[in-house]
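Heads up: the structure comes next, in structure tokens.
Just so you know, all these numbers are worked out from the coordinates, no wet-lab data involved. Keep in mind that what you see is a predicted model, and the values were worked out from it rather than measured. Note: ideal-geometry Cβ built from the backbone for every residue, glycine included; neighbour counts use all protein chains shown.
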Amino acid sequence: MSLIKSISGIRGTIGGKVNENLTPLDVVKFTSAFGTWLQNNKNKKNLTLVVGRDARISGAMVNSLVTATLQGLGIHVVDLGLSTTPTVEVMVPELNADGGIILTASHNPKQWNALKLLNEKGEFITGENGAEVLALAENEDFNYAEVDDLGKYETRDDGFDIHIRKILDLPMVDAEIIKSKKFKIVVDAVNSTGGIAIPQLLEKLGCEVIKLYCEPNGQFPHNPEPLKEHLGDICELVKKEKADLGIVVDPDVDRLALVDENGELFGEEYTLVAVADYLLRNKKGAVVSNLSSSRALGDVAKSLNSEYFASAVGEVNVVTLMKEKNAVIGGEGNGGIIYPDLHYGRDSLVGVALFLTHLAKENKTVSELRTTYPGYFMGKNKIELTPDIDVDALLTKMEKEYQNEKISTVDGVKIDFEKNWVHLRKSNTEPIIRIYTEAFSQEEADSLGNQMIEKIKSLI
């Protein structure tokens with residue numbers, strides 16, 4: 001069905017033909033390429049890699065292929081088994097490993113899986129490094145270890161314990177005030193590893209946990225992307241149980257969505273806004289998100305005398321800018337919280353702990369807290385073009401059309417109007433311009449998107 005080779009790894013659907021889908025041969029080839037790249041880059045053979053996976057059905061098979069291939073290269077493997085993306089990211093430096101591989105297709109449906117590649121800091125490898133890995137995979141220039149030099153294999157089952165302990169040790173996480181509130185919380189983990197990790201964290205924080213789809217069997221009960229149209233069950237259960245909060249995570253637990261006590265979505269964009277509000281009240285500094293994230297984050301930063309910066313879309317780009325600006329907090333508007341005091345990666349667990357600390361200290365309900373932030377609405381659209389159209393030239397024309405407005409060309413073209421904005425980005429794989437808008441009402445956001453489509457058509 002599909003195989004996507006990107007700078008950050010390889011993602012595809014299980015089964016089918018080699019080099020068209022994520023087949024066993026493709027898994028072995030790309031694992032070999034990454035292991036070989038690390039050996040060349042570090043100029044040594046005796047490496048250690050950490051491997052962890054989400055609960056999707058193909059995970060055990062892919063895990064076996066990956067770990068055996070790494071051993072075949074002479075690389076030692078520490079297998080965390082069922083884990084989360086942020087847990088693997090934390091465990092790589094914790095174990096002084098040389099890198100890591102996370103086996104997850106994040107919010108993609110169950111037929112998908114992927115290899116996500118980490119450096120020795122537990123961070124996603126750079127675009128330049130990813131291109132080198134892809135070149136090695138293309139050439140298949142691998143040199144496997146002889147029998148006496150095969151890599152060792154060990155398992156660890158303490159990844160969640162270590163990750164959670166590090167979160168609870170953070171000065172900005174106040175476990176005692178959270179415990180005093182005795183929050184009642186419903187958790188929807190889409191039957192993946194968040195069903196293990198999130199309840200474990202919440203129980204340490206003295207919360208009553210009601211589990212919904214927390215069995216890590218990979219049978220996703222709804223579309224695993226944590227969007228409003230997929231979350232009717234948890235919204236109903238929060239109301240039925242009279243819970244204080246609902247927590248939703250995607251299969252690899254790097255995106256966090258929240259449901260208020262009335263069964264209404266807090267808004268994925270506002271997960272980062274609320275956490276940033278709490279942290280910036282206590283420590284002045286910069287905050288970073290990508291260009292397609294809500295203006296509310298910049299509004300909150302400005303109100304607290306802090307600076308806001310926007311990066312190109314993509315976690316690697318957000319992290320790079322966070323480091324450059326020494327940001328206090330950052331992330332993406334899809335519910336991804338990056339808290340550098342713990343690690344440079346999107347982490348729903350630390351997001352939960354920081355949000356609950358903020359909620360407890362404010363002594364408000366979740367819905368009351370939400371009303372303290374600017375009310376924006378986002379629209380997402382796209383315009384499909386014929387392959388012969390020069391998309392870059394079209395975006396340049398749009399930039400000139402709105403040259404009197406505030407414009408960013410860091411990633412496509414973003415036009416900041418006084419009361420709303422539009423972000424135009426081209427697809428890397430097909431002749432499409434993606435159109436993101438934000439305004440003070442859904443109607444206005446959608447109308448702005450339609451206006452942009454008409455303007456683009458007029459320039460073709």
Fewest-first ranking of Thr386, Thr193, Thr126, Thr409, using other Cβ atoms within 10 Å as the exposure measure: Thr386, Thr409, Thr126, Thr193
task: Report, largest value first, the span of the C-alpha coordinates of segment 377-459 along each principal axis, in whole Å.
output: 36, 23, 23
query: Using the count of nearby Cβ atoms within 10 Å as a rough guide to exposure, how do His343, His76, His163 rank from fewest to most?
result: His76, His343, His163
message: Can you list residues from other chains, or at least 5 along the same chain, whose modelled amide H is less than 5 Å from the amide H of Leu22?
response: Ser2, Thr13, Ile14, Gly15
field: Gyration tensor verdict on the chain (Cα atoms; rounded if a/c is under 1.5, prolate if a/b is larger than b/c, oblate otherwise)
entry: oblate
- prompt: With the Cα gyration tensor of segment 163-370 giving a ≥ b ≥ c as the square roots of its eigenvalues, does the rule (a/c under 1.5 for rounded; else a/b larger than b/c for prolate; else oblate) give rounded, prolate or oblate?
  reply: prolate
Gyration tensor over alpha-carbon atoms, segment 158-286, equivalent ellipsoid semi-axes in Å: 23, 18, 15
Least to most buried among Cys207, Cys214 (fewest other Cβ within 10 Å first): Cys214, Cys207
statement: Cα extents of segment 3-157 per principal axis, largest first, Å, are 36, 35, 31
task: Once you have all Cα-Cα distances for segment 69-181, histogram them in 5 Å bins from zero and send the whole-percent values.
output: 2, 10, 15, 18, 19, 16, 9, 5, 3, 2, 1, 0
- line: Per DSSP, the loop-located trypsin sites (Lys or Arg not before Pro) within segment 342-438 having at most 12 other beta carbons within 10 Å are Lys419
